[in-house]
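Derivation of every value follows stated rules applied to the coordinates shown; laboratory data play no part. Treat the numbers as computed from the prediction; the structure is a model and nothing was measured. Virtual Cβ from ideal backbone geometry, glycine too; neighbours counted across all protein chains shown.
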Amino acid sequence: MIDERKARDGESKHIDADLVLVGIGMLPNAELASEAGLAVTNGIVVDEDTRTSDPAIFAIGDCTNQRHPYVSQRIRLESVPNAIEQAKIAASVMMGLPLPKRTVPWFWSEQYGLKLQMVGLSCGYERCILRRYEGTQDFVAFYRKKEAEGPAL
């Protein structure tokens, strides 16, 4: 539960914060893929060309778990831009065409009249720098790892 700028863990612990952001996710629907004998681990496992463990079957979208070049690990990217990019990759592979260039992941969500936009992935960063714009609800959050810039939210 969230009260103003305090989060409560459902028990008795309260956490004071400058900003509370709640992300509620869904589980991937991969039952059919599993029944078909495809590899499923936190989604339908696909390679960089969107092929499943059966090279004749492709999968795209929120239900897939793909190794992403920007984080060098398997992740599920639950976003429209990622699903469109995966569809272009799958179509190119099926047609024997050159693969489109991978783009930096980006996301957006509109919640209760607020628009949240993010460029990049926030995995593995050591700190977050929050910049607020006085008199508005606008802010920018920069994720940093040592001296390298990370994604912006």
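Estimated from the Cβ-Cβ distance and a Förster radius of 35 angstrom, the FRET efficiency linking Trp108 and Lys146 is about 0.80. Across region 38-52, rounded Karplus estimates of 3J(HN,Hα) from the backbone phi angles (6.51 cos²θ - 1.76 cosθ + 1.60, θ = phi - 60°) give 7, 5, 9, 9, 6, x, 6, 6, 10, 8, 5, 9, 6, 7, 7 Hz, Gly and Pro being marked x. Shown in residue order for region 116-123 are the 3J(HN,Hα) couplings computed by the Karplus curve 6.51 cos²θ - 1.76 cosθ + 1.60 at θ = phi - 60°: 10, 10, 9, 10, x, 10, 9, 7 Hz (x for Gly and Pro). Placing +1 on the Cβ of every Lys and Arg and -1 on the Cβ of every Asp and Glu, with no other charges, gives region 31-95 a dipole of roughly 180 debye about its Cα centre. When each of the peptides 102-109, 56-63 is scored by how many other beta carbons lie within 10 Å of its residues on average, the order from highest to lowest is 56-63, 102-109. Rg and Dmax over the alpha-carbon atoms of region 74-146 stand at 16.3, 53 Å. Backbone amide hydrogens, once placed in the peptide plane, bring Trp106 within less than 5 Å of Gly120, excluding anything fewer than 5 places away on its chain. Computed over region 23-153, the percent of Cα pairs more than 23 Å apart is 42. For region 31-95, the calculated P(r) over all alpha carbon pairs, in 10 Å bins from 0 to the bin holding the longest distance, is 24, 57, 18, 0 percent.
With 0.36 nm allotted per residue and the present C-alpha distance subtracted, the Phe139-Ser92 stretch has 13.1 nm of extension available. Each peptide in 130-136, 80-86, 36-42 was scored by the mean count of other Cβ atoms within 10 Å over its residues; highest first, the order is 80-86, 36-42, 130-136.
Using every pair of distinct Cα positions in region 61-105, the Kirkwood expression returns a hydrodynamic radius of 11.0 angstrom. Beta bridges per DSSP, both residues in region 31-95: antiparallel share near 60 percent.
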